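Since every read-out is calculated from the coordinates, none of them should be taken as a lab result. Computed from a predicted structure; not experimentally measured. For neighbour counting, all protein chains shown are included, and Cβ atoms are generated from backbone atoms with ideal geometry for every residue, glycine included.
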Amino acid sequence: MRHDWQLTVSASDQISDAVELIPGWTSQEQLMSLFNLTLATAHLDGDIIEVGSWCGRSAIAIGFAIKQLKNAHLHCVDLFPAKRDWYKNVDGSYSFKVQVKEKLIEAYQDQTVWAEPFHQEVLPVYEIHEESEEIFRHNTRHCGLGNYISPHKGNLTTFLESVSPEFKVRMAFIDGDHSYESVCSDISLIETRLVSGGWLCFDDAFSSYDGVDKAIREKIIESNQYDVYQQLTRKLFVARKR
């Protein structure tokens, strides 16, 4: 059954119902934080970017808020690997590489996916469809968000190459490659488009990824570009640009 948003029913309950069967690791507490923070950007210019979307759990929470705002759009940037893009490494773990136009982009190279979580959490997703982008599209459309969310197969560099120089960002949720170099790169790229008062949000912060933590400390906490920053939930860190 299609999920239609109701203004007189708890947002928390509606988000929970909408994502109940969608694979992913984003908690209800974090989904509500993203929903509320999106609503708080109503006065800002620009759109919203999500880097790392998988099957659409967090995109749906953000999308429901955007649907109320009516003055923004969510751009979901993900490599969207198909089942055929994954391969087994010599140590038994898994990585993938995808072709994006003329570029071959590799992922999970330094921090690979071990066999147990791959077989228990990743591989079953492809029983729905062998293309993860199609799973994402189905899930967001099923929630009535097709007009508010656009997937982009690629990384942040390829996405920004596809938009105009005037493209601005009011909020970004970073949940892509968790290596230090990649997180620093994502921060630097988004900062060129992030408006004053805009928000940067990080998944898996100060939980178990040293690269994410180091990038946040050096690029956000030790920077003078942000006037507010806080760990909101167990693994969600947010910061507001001056």
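Summary of computed values
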{"read-out": "Partner lysines for K83 [C-alpha distance under 20 Å; skip if fewer than 8 residues away on the same chain]", "value": "K97, K101, K103, K153"}
{"read-out": "Net charge over other residues, Cβ less than 13 angstrom from the Cβ of F80 (K, R count +1; D, E count -1)", "value": "-2"}
{"read-out": "Total charge dipole magnitude, the chain, about the Cα centre, Cβ charges on Lys, Arg, Asp, Glu only, Debye to nearest 20", "value": "660"}
{"read-out": "Pairwise Cα inverse-distance average, inverted: Kirkwood Rh of the chain (Å)", "value": "18.3"}
{"read-out": "Sparsely packed GluC sites (Glu not before Pro) within the stretch 142-242, loop by DSSP, other Cβ within 10 Å at most 15", "value": "E166, E222"}
{"read-out": "The chain: relative contact order as a whole-number percent, Cα under 8 Å and 6+ apart", "value": "20"}
{"read-out": "Within-11-Å neighbourhood charge of Y148 [Cβ basis; K, R +1; D, E -1]", "value": "+2"}
{"read-out": "Label-point gap, in nm, between E130 and L104 - each point 7 angstrom along Cα→Cβ", "value": "2.0"}
{"read-out": "Over the stretch 117-242, relative contact order from alpha-carbon pairs under 8 Å, at least 6 apart, %", "value": "20"}
{"read-out": "log10 of Debye I(q)/I(0), alpha-carbon scatterers only, for the stretch 73-136 at 0.13, 0.14, 0.18, 0.27 Å⁻¹", "value": "-0.37, -0.43, -0.70, -1.28"}
{"read-out": "Helix-only mean residue ellipticity at 222 nm for the chain, each DSSP H run of n ≥ 4 adding -39500 (n - 2.57), per residue, nearest 500", "value": "-8500 deg cm²/dmol"}
{"read-out": "Size of charge dipole - the stretch 93-209 - debye, nearest 20, with Cβ of Lys, Arg +1 and Asp, Glu -1, no other charges", "value": "540"}
